[in-house]
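Step one of this worksheet: look at the structure below.
The values are calculated or read from the model by the stated rules, or taken from the named source; none is laboratory data. None of these values were measured; they are calculated from a predicted model. Note: ideal-geometry Cβ built from the backbone for every residue, glycine included; neighbour counts use all protein chains shown. Each accessible area value is taken on the protein alone, full model and side chains, heavy atoms only, with ligands, DNA and RNA left out. Shrake-Rupley method; radii C 1.70, N 1.55, O 1.52, S 1.80 Å.
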Amino acid sequence: MDAKKGVKKKWDKTSRFYDWFTFMDVRGKNAKIRQEMLQEVDGKILEVGIGTGHNTQFYPPKRNIIGIDISGGMLSKAKKKALGYLGHISLLSMDAENLAFKDHSFDTIVSTCVFCSVPDPIAGLKEIRRVLKPSGKLLMYEHVLSKRLPLKFVMNLLAPLVARIFGPHINRNTVDNVKKSGMDVIRVEDVRFLDIFKRIDAIYK
Ligand SMILES: C[S@@+](CC[C@H](N)C(=O)[O-])C[C@H]1O[C@@H](n2cnc3c(N)ncnc32)[C@H](O)[C@@H]1O
């Protein structure tokens, strides 16, 4: 099975219990981080890897948002949440590595806990750069490989098992990947679990 089919299959399977498994992702500090980040969205908005729609409750009202995901299972869960949003959210089945949008289409692109899962993260981030307007901004909340030695060792050790069972790669270096895609990283902030969960902002370059 190719990497894309594998990812789709894994997330379709995970969609059945994702909300239950990640209920803490939309509570407490996690909710605050998501909400603060999403207050910054502006203009034409794309959320990449929208999943089951965890972020829909945090967007400011009256926005026009397009949410894409590779997994039909995740998108079907997001449908219900999108209906509760006081604005408009269109959901589309799409691969982050091959976005069906014209160059420079979006003012804001959002990703939360996605680039741990996209099979070729640099290809996906290059696509984001392509569809971002030159004045646009990428807002990310992502988990990455810790740089602290004992933790880094354990994360590298567990990464293949976690990826096989659940899907995400817990040892990605997403800040470097954003830089490699050609975008300009303008903010990196450690927000949770030491240096693992980060807020990363980037702009078109
Ligand atoms: C950990 S979930 C995060 C979902 C959501 N963003 C959140 O914050 O809860 C990762 C999501 O990325 C999606 N994904 C993985 N690879 C993708 C790709 N190549 N294109 C689009 N979505 C992808 C998965 O289907 C899944 O919904």
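Quick look at the numbers
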item: Packing-based order for 158-165, 38-45, using average beta carbon neighbours within 10 Å, highest first; result: 38-45, 158-165
item: Estimated distance in nm for a label pair at L92 and K133, the labels positioned 7 Å out from Cα along Cα-to-Cβ; result: 1.7
item: E47 long-range amide H proximity, modeled H, under 5 Å; result: I66, G67, I68, V110
item: Entries in K32/K62; K4/K126; K4/K180; K29/K198 that, when Cα-Cα distance is taken, lie over 23 Å; result: none
item: Charge sum, other residues only, whose C-beta stays under 9 Å from G124's C-beta, Lys/Arg counted +1 and Asp/Glu -1; result: -3
item: Hz values of 3J(HN,Hα) by residue in the range 182-188 - Karplus curve (6.51, -1.76, 1.60), Gly and Pro given as x; result: x, 7, 9, 7, 10, 7, 9
item: Karplus-derived 3J(HN,Hα), 6.51/-1.76/1.60, for each residue of the range 167-181, Hz, glycine and proline x; result: x, x, 9, 8, 10, 8, 10, 5, 4, 5, 4, 5, 4, 5, 6
item: Share of carbon and sulfur in the accessible heavy-atom surface of the range 31-140 [1.4 Å probe, %]; result: 52
item: Fluctuation leader among V118, V188, V131 - the chain, Gaussian network, Cα springs under 10 angstrom; result: V188
item: Whichever aspartates and glutamates have a C-alpha closer than 17 Å to that of K147, once near sequence neighbours (fewer than 8 apart) are set aside; result: D176, E189, D190, D195
item: Of the DSSP H helices in the chain, those whose Cα atoms cover at least 20 Å axially and whose Kyte score averages 1.6 or more; result: none
item: Cα centroid separation - the range 22-39 against the range 149-203, whole Å; result: 18
item: Candidate aspartates and glutamates for bridging to K102, where Cα separation is under 14 Å - those fewer than 8 sequence places away on the same chain excluded; result: E127
item: Q57-K180 pseudo-label distance in nm [points 7 Å out on the Cα-to-Cβ vector]; result: 3.5
item: Under 5 Å, built H, 5+ apart or other chain: amide partners of G136; result: Y204
item: Candidates A123, A82, A100: whichever shows maximal mean-square fluctuation once the chain is modelled as a Gaussian network with Cα springs under 10 Å; result: A100
item: Area accessible to solvent at D2, 1.4 Å probe radius, in Å²; result: 90
item: Nearest-20 debye value, the range 1-133 charge dipole, Cβ charges on Lys, Arg, Asp, Glu; result: 360
item: Mean accessible surface per residue for the chain, computed with a 1.4 Å probe while every protein chain stays in place, in Å²; result: 50
item: Extension gain from H104 to N156, taking 0.36 nm per residue of separation minus the Cα-Cα distance; result: 15.1 nm
item: Sequence-separation-based contact order of the range 94-205, relative, with Cα cut under 8 Å and 6+ spacing, percent; result: 29
item: Charge dipole (the range 117-205, unit charges on Cβ, about Cα centre) - positive-most of P160, V188, S135; result: S135
